[in-house]
Amino acid sequence: MSLSRDEVEKIAHLARLAVRPEDLEGYARELSGILAFVEQMDAADTEGVTPMAHPVEASQRLRPDEPDEPDRRDRFQAIAPSVEAGLYLVPRVIE
Amino acid sequence: MHEKTIAELAAALQAREVSSVELTEHYLRRIETLDDALNGYITVTAEQALEAARAADEARAQGRAGPLTGVPVAHKDIFCTEGVRTSCGSRMLDNFVAPYDAGVVERFKAAGCPVLGKTNMDEFAMGSSNETSYYGPVKNPWDTERVPGGSSGGSAAVVAARLAPGATGTDTGGSIRQPAALTGITGLKPTYGRVSRWGMVAFASSLDQGGPMARTAEDCALLLNVMAGFDRRDSTSLERPGEDFTTALDRPVKGLRVGLPKPFFGEGMAPAVARVLEEAIDHYRGLGVEFREVDLPNAGLAVPAYYVVAPAECSSNLARFDGVRYGYRCEDPRDLLDLYTRSRGEGFGAEVQRRIMVGTYALSAGYFDAYYLKAQKIRRLIADDFARAFQEVDVLLGPTTPDTAFRLGEKTDDPVSMYLSDIYTIAVNLAGLPGMSLPAGLADGLPVGMQLIGNYFDEARLLGMAHQYQMGTEWHRMAPGGFN
């Protein structure tokens, strides 16, 4: 699988990464190299194999539905780039 | 003092031959004079360490000391530490002062271990050489023109250089074992789920596992006793009764059945590494270990499958870094999209961006089956291979890395060649098994690691087998010149 410059631009957009135009070519080459490498997987016959999502076949634990986290909003907002009156500020989204 | 192992330091503290404050001051002085050459620490927490050391000495005076009270350690900068910057080696988190402690960090605090600082690492643990760190590469203390391995390269380098008696690391595809091998120390990746992932910055959640790095197997067992245990805040933490990982250290290895995986002894291994392993195998034969060849027919597919699974999980995990709630935010964003894309584009380095893009692609509509699902099926084949091998043998033994430490810059232009330095470690993560690396010799003055792989929950057996080797050999005592 070889990726074009345009495809990399599209993937970068999906991943919300601003890639500089001059870096697109390099990424296209490197990502194509990685994808070509992982295509070695095609050699394996995986017909009928159950995919393994997780090394330990344990089920999710249940717990009583009781709040157990203290309110730490002030601490968490203290490290935010921009807050006001307990709200996270971002550029205006509704004109 | 810094020549002593953790076990020896704990005994010296108990015998009141030294105080934790004296010990901590000694290590802080060494860090100050020697770490400039290595760049092993991102943040040194001298004040907090001394405060914790005073508390440890007081606890001992009052008869409240535990086995490791007063022994200083270092944490990989992937573990959240309350009130201390937790950068994960990234510009994205350069300004991030963690508002809480990771589960592992809590446990070391409760054990009374002062924390010397936070160690350097590949950005978001993505790398095998420590060259992707925003804070610059770590140098290998055995040869400062070479890499220490990665991603826990800082932890490995500071333990090897005696700038910490022990450190924490994390291992997603070899990130504890590979740097341990390249710096001549001992490191263990536990069974997936043994060590809490709470507060450990997530890379690939189905593979990530914290573990100890120290000079000896005995020290790793002592550190694992602190680290391991159930944590309800980690949804994949294993609920198991507490275990003392030192119990099998003195058990003789006579009669132990050890498998040599055929694909690990093929053409990829450097001749010098093969020679060192041959000697280690001979040593174990002398102790009565029985060796046989075993096959892991799908081992060759581990690295390709990993470079689908790990980027896929990374692209999902790292979506949380949006420039809104914490971490890096770009200057003067035009609109919300610009805020997201520039904060991420400027905050992440090239390797992290590569992996996010590979993962995004592999998970996108139309490609999911060919990449992610295929990789998960291969993961099953690999786990089944190990299960078959462990019906015949107790432990597997092989190289940790194909070669000794490579030069800085040698593999940075070719991501795939960098990925292949983890060719012997990755399958273990895909299966979720415990594995460790211990020093087995030198080749051209550089350390060579031997890898032991165990069945699920067999950490104590691995540590015992390693300890029996270290009782009869001196490789774990070697110190790099200039740091002894």
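The values are calculated or read from the model by the stated rules, or taken from the named source; none is laboratory data. Just so it is clear, the structure is predicted and the values come from calculations on it, not from any experiment. Every residue, glycine as well, gets a Cβ built from its backbone with ideal geometry; the counts of neighbours run over all protein chains shown. We work out accessible area using only protein heavy atoms, side chains counted, and drop any ligands, DNA or RNA first. Shrake-Rupley method; radii C 1.70, N 1.55, O 1.52, S 1.80 Å.
Some notes on this structure:
- Residues of region B:69-83 satisfying the condition of being of a type outside the set (D, E, K, R), assigned to a loop (DSSP other than H, G, I, E, B) and surrounded by 16 or more Cβ atoms within 10 Å (Cβ to Cβ): B:69, B:70, B:71, B:72, B:78, B:80
- Checklist (1) part of a loop (DSSP other than H, G, I, E, B); (2) within 30 Å of residue B:446 (Cα to Cα); (3) hydroxyl-bearing (Ser, Thr, Tyr) applied to residue B:307, failing item: (1)
- Among the residues of region A:40-57, those identified as at the interface with chain B (Cβ under 7 Å from one of its Cβ atoms) and surrounded by 10 or more Cβ atoms within 10 Å (Cβ to Cβ) are A:40, A:41, A:44, A:46, A:49, A:51, A:52, A:53, A:54, A:55, A:56.
- For region B:311-340, the set of residues classified as farther than 19 Å from residue A:3 by Cβ and among the hydroxyl-bearing types (Ser, Thr, Tyr) consists of B:316, B:326, B:328, B:340, listed by residue number.
- Candidate set: region A:75-95, residues that are open to solvent by 100 Å² or more (accessible area, probe 1.4 Å) and either more than 27 Å from the chain's Cα centre (by Cα) or closer than 30 Å to residue B:371 by Cα (or both); chosen: the one farthest from the other protein chains (Cβ to nearest Cβ): A:84
- Subset of region B:31-68 that is more than 22 Å from residue B:85 (Cβ to Cβ) and buried (at least 21 other Cβ atoms within 10 Å of the Cβ) - its residue that is nearest to the chain's Cα centre (by Cα): B:68
- For residue B:452: the one exception among (1) open to solvent by 50 Å² or more (accessible area, probe 1.4 Å); (2) in contact with a helix residue (DSSP H, G or I) (Cβ under 9 Å, 6 or more places away or on another chain): (1)
- The C-beta contact set for region B:438-461 (first residue more than 23 Å from residue B:296 (Cα to Cα), second residue among the basic types (Lys, Arg) and in a strand (DSSP E or B), distance under 9 angstrom, 6+ apart or interchain) comprises B:446/B:146.
- Within region B:1-26, residues that are more than 17 Å from residue B:222 (Cα to Cα) sit with their Cβ atoms under 6 Å from residues that are in a loop (DSSP other than H, G, I, E, B) and open to solvent by 40 Å² or more (accessible area, probe 1.4 Å), at 6+ positions apart or across chains, in these pairs: B:26/B:1.
- Residues of region B:245-262 satisfying the condition of being open to solvent by less than 80 Å² (accessible area, probe 1.4 Å) and either at pLDDT below 95 or hydroxyl-bearing (Ser, Thr, Tyr) (or both): B:246
- In region B:305-329, of all residues being open to solvent by less than 60 Å² (accessible area, probe 1.4 Å) and facing chain A (nearest Cβ under 7 Å), the one that is farthest from residue B:380 (Cα to Cα) corresponds to B:329.
- Residue among B:24, B:86 that alone is more than 14 Å from chain A (Cβ to nearest Cβ) and either surrounded by 17 or more Cβ atoms within 10 Å (Cβ to Cβ) or not aromatic (Phe, Trp, Tyr) (or both): B:24
- Tally of residues being part of a loop (DSSP other than H, G, I, E, B), open to solvent by 10 Å² or more (accessible area, probe 1.4 Å) and either of a type in the set (Lys, Arg) or within 14 Å of chain A (Cβ to nearest Cβ) (or both) across region B:269-304: 2
- 1 or more residues under 20 Å from residue B:156 (Cα atoms), hydroxyl-bearing (Ser, Thr, Tyr) and within 14 Å of chain A (Cβ to nearest Cβ): qualifying helices (runs of 4 or more DSSP H) within region B:330-444: B:415-419
- Qualifying residue in region B:223-231 (condition: in a loop (DSSP other than H, G, I, E, B), open to solvent by 70 Å² or more (accessible area, probe 1.4 Å) and touching a helix residue (DSSP H, G or I) at 6+ places or on another chain (Cβ under 8 Å)): no
- Any chance residue B:438 is of a type in the set (A, V, I, L, M), touching a His at 6+ places or on another chain (Cβ under 9 Å) and surrounded by 24 or more Cβ atoms within 10 Å (Cβ to Cβ): yes
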